[in-house]
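Following: one structure in structure tokens, then a few remarks.
The values are calculated or read from the model by the stated rules, or taken from the named source; none is laboratory data. Please read all numbers here as calculations on a predicted model, not as lab measurements. Here the Cβ is made from the backbone with ideal geometry for all residues, glycine too, and neighbour counts use every protein chain on show. All accessible areas refer to the heavy atoms of the entire protein, side chains included, with ligands and DNA or RNA removed. Shrake-Rupley method; radii C 1.70, N 1.55, O 1.52, S 1.80 Å.
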Amino acid sequence: MRVTNKELGDPQGYRKIAYTNPLHPYPFRLSKSRCLRYEDALDIIRKLKLPKEQAVQLFRIMVFNVMARNQDDHTKNISFIMDKSGKWSLTPAYDVTYAYKPTGQSTNGHQMTIAGKRYNFTGKDLQSIANDISYTNAKDGIEAIQVTLNQWEHYADRAGIPNKQSQKLKKAFRLNLKV
């Protein structure tokens, strides 16, 4: 899918777009598993003084990554863009794809941790992040992602994914997480 200049905030295509990926060089506190943390990404949102909705959006991206097994959720996939007035905002989610292989070196667990974990997440883990950003509707947000992922067959069919492969992927989804 091609992103247009207009979608990037530059309809004429003449100006540079201010973009940054502050998470890559950020002085992180590595978790026990030596991975970077979603909590650190939320700290960047706080430091940029972005509205709560931006933290909620990152929470939703995190939950989607967990449930849909996008375990290649490294820090280069969380970025910020500046508009013409100098205001920063979280970019839309990108590089979102199923990436789970139990025997894979980098895809057997998530690249970013939640509550110090790369796998075996619980609803309590998600709730701890929701509490940290004062997201009182986390349950509804998680359920909305579950509803969408439960329609996986429809989206897979539209994308031309063979049914056998589609079913294999859905089996690995984590649709039972509740807060």
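Tabulated results
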quantity	calculated
Long-range amide H partners of ALA99 with built H, under 5 Å	ASN70, GLN71, ASP72
Reachable aspartates and glutamates from LYS87, criterion Cα separation under 19 angstrom, eight or more residues apart if same chain	GLU7, ASP10, ASP43, GLU53
Note, ³J(HN,Hα) from phi for the range 112-124, Karplus 6.51, -1.76, 1.60, rounded to Hz, x at Gly and Pro	10, 9, 10, 6, x, 10, 9, 7, 6, 6, 10, x, 4
The range 76-113 residues near the modelled LEU149 label - backbone nitrogen below 18 Å, point 7 Å along Cα→Cβ	93-102, 107-113
Percent accessible area from carbon and sulfur atoms, the range 108-176, protein chains only, probe 1.4 Å	47 percent
Computed E for GLU53/LYS101 - FRET, C-beta separation, R0 25 angstrom, nearest 0.05	0.15
Of LYS124/LYS164; LYS47/LYS84; LYS49/LYS84; LYS101/LYS171, those spanning more than 23 Å from alpha-carbon to alpha-carbon	LYS124/LYS164
Surrounding net charge for SER166, when Lys and Arg each add one and Asp and Glu each subtract one, Cβ distance under 14 Å	+4
Full-extension gain in nm, GLN165 to MET82, via 0.36 nm per residue minus C-alpha separation	26.0 nm
Under-5 Å amide H pairs with LEU36, H placed in peptide plane, nonlocal only	THR113
Under Karplus coefficients 6.51, -1.76 and 1.60, residue-wise ³J(HN,Hα) of the range 82-88 in Hz, glycine/proline x	9, 7, 5, 8, x, 8, 7
Protection proxy ranking of 143-150, 46-53 - average other beta-carbon atoms within 10 Å, highest first	143-150, 46-53
Table column - 3J(HN,Hα) (Hz), the range 170-177, Karplus curve with 6.51, -1.76, 1.60, x for Gly and Pro	4, 4, 7, 4, 9, 9, 9, 6
